[in-house]
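Worksheet: one structure, shown below.
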Amino acid sequence: MPYVNVQITKGATRAQKAQLVQEMTDSLVRILGKKPEHTHVVIQEIAEANWGFSGLLTDDWKKKQSRKPTRKI
C-alpha cells in the first residue's frame, strides 16, 4: 500500500491538488504496478511562516525577493 506525503506551502487550488493526486497515483501504477485503490496521497499545506529555506522563513524570503531590483539587459 503506497503512501505519499506531499508538503507544500499554502496557495494551491483544489484543481491543482487533485491533479497532483491523480498524477502521483498514475506514476505509482505505471512505474511500480501498484493498484490505484491501494494508493494514498496526503497533501499537507504549511503556512509560509512555518516553512524555511535559505536561512529565512518563506514569507520573509518572498518579501526580500520582491525588494530586489530587476536587471535590465
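Each reported figure results from applying straightforward, stated rules to the coordinates on display, with no laboratory input. Predicted model only: the values in this text are computed from it and were never measured. Cβ sites come from the backbone with ideal geometry, for glycine too, and all protein chains shown count toward neighbours.
Given (1) surrounded by 12 or more Cβ atoms within 10 Å (Cβ to Cβ); (2) of a type outside the set (S, T, N, Q); (3) in a strand (DSSP E or B), where does ALA18 come up short, assuming only one miss?
ALA18 satisfies every listed condition except (3).
If a residue must be of a type in the set (Val, Ile, Thr) and surrounded by fewer than 12 Cβ atoms within 10 Å (Cβ to Cβ), how many such residues does the range 21-53 contain?
Final tally of qualifying residues: 2.
When the range 47-61 is examined, which residues are found to be in contact (Cβ under 8 Å) with a residue 12 or more places away in the chain and among the small types (Gly, Ala, Ser)?
ALA47
Filter the range 26-39 for residues that are under 9 Å from PRO2 (Cα atoms), in a helix (DSSP H, G or I) and of a type in the set (Ser, Thr, Tyr) and give the result.
none
Consider LYS63 carefully, then state whether it is closer than 15 Å to VAL4 by Cα and among the basic types (Lys, Arg).
no
Do we have MET1 as touching a residue at least 12 places away in the same chain (Cβ under 8 Å), in a helix (DSSP H, G or I) and hydrophobic (A, V, I, L, M, F, W, C) here?
Spelling it out, it is not the case that MET1 is touching a residue at least 12 places away in the same chain (Cβ under 8 Å), in a helix (DSSP H, G or I) and hydrophobic (A, V, I, L, M, F, W, C).
Can you work out which of the residues in the range 40-58 that are over 16 Å from the mean Cα position of the chain (by Cα) and not in a strand (DSSP E or B) is nearest to MET1 (Cα to Cα)?
Within the range 40-58, the match that is nearest to MET1 (Cα to Cα) is SER54.
Looking at the range 4-20, I want the residues that are free of Cβ contacts under 8 Å to residues at least 24 places away in the same chain and have a partner that is assigned to a strand (DSSP E or B) and β-branched (Val, Ile, Thr) with Cβ atoms under 9 Å, at least 6 apart or on another chain. Which pairs are those?
These pairs meet every condition: LEU20/VAL6; LEU20/ILE8; LEU20/VAL41; LEU20/ILE43.
Give the number of residues within the range 4-15 that are under 23 Å from GLY52 (Cα atoms) and either among the basic types (Lys, Arg) or in a strand (DSSP E or B) (or both).
Result for the range 4-15: 7.
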